[in-house]
Amino acid sequence: MDALLAALTREHPNYSEFVRLPPVVKKHPQKLAKRVYPQPIGPIWVKTDVISINQDLIERALADGPKQKFNSVFPTITVNKILEAVSAASGGEVLVSDIHSSRRFRNLCHWRHIAVFLCRKHTIHSFPEIGRRIGEKDHSTIHHSVRKVEHNMLMFSDDIAKVERLLHVR
């Protein structure tokens, strides 16, 4: 536990290996409470001004030392990986190119909403950035997708669980 506290208080010599915050947060820590970072950034899960520590990952990282690669302890989930997992979870009904398209079939929109929600949940990208990566969609469209999934979680939960299993998140 002392090593954990030292890592969090910057006293540990390998602090920068374990805690990766965006530069704006390093310069202005007060902005941490204003932005939601739903992905693990180093060993800290940062969510709406609540910081909880994933102790198991920190202990593994501290035990292995600074030579271990950051991404092997904290796997990176990208938008492309999420889109491929969504395509696989749909059983081949929806291709990655379909998610990028502007078509609005019910089944396609269902999987596109899931992809957008998971991009927001597992990456640190903003709504405009997710929109650019998913077929040049407007940020308000991305925001609508995230809200729709959040409000209808019962309808989406099984499919989200499928995709997260493919991403090895759960």
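The values are calculated or read from the model by the stated rules, or taken from the named source; none is laboratory data. In this text the structure is predicted, and so the values were computed from the model without any measurement. With ideal geometry, Cβ positions are generated from the backbone for all residues, glycine too; neighbour counts draw on all protein chains shown.
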Original post:
So which pairs qualify, if the first residue must be in the range 76-95 and without any contact (Cβ under 8 Å) to a residue 12 or more places away in the chain, the second must be crowded, with 21+ Cβ neighbours inside 10 Å, the Cβ gap must be under 6 Å, and the two must be at least 6 apart or on different chains?
Top reply: Leu95/Ser87
Original post:
Can you tell me which residue in the range 103-132 is modelled with the highest pLDDT, limited to those that are surrounded by fewer than 20 Cβ atoms within 10 Å (Cβ to Cβ) and under 21 Å from Val169 (Cα atoms)?
Top reply: His110
**OP:** Just name the residue that is surrounded by the fewest Cβ atoms within 10 Å (Cβ to Cβ) out of those in the range 79-102 that are assigned to a loop (DSSP other than H, G, I, E, B) and of a type in the set (A, V, I, L, M).
**Re:** Leu95
Original post:
When residues of the range 103-121 are filtered for being more than 10 Å from Ile142 (Cβ to Cβ) and either of a type in the set (Phe, Trp, Tyr) or outside any helix (DSSP H, G or I) (or both), how many remain?
Top reply: 4
Subject >> Any hit, the range 131-150, residues being acidic (Asp, Glu), part of a helix (DSSP H, G or I), closer than 21 Å to Ala161 by Cβ and free of Cβ contacts under 8 Å to residues at least 40 places away in the same chain >> reply: yes
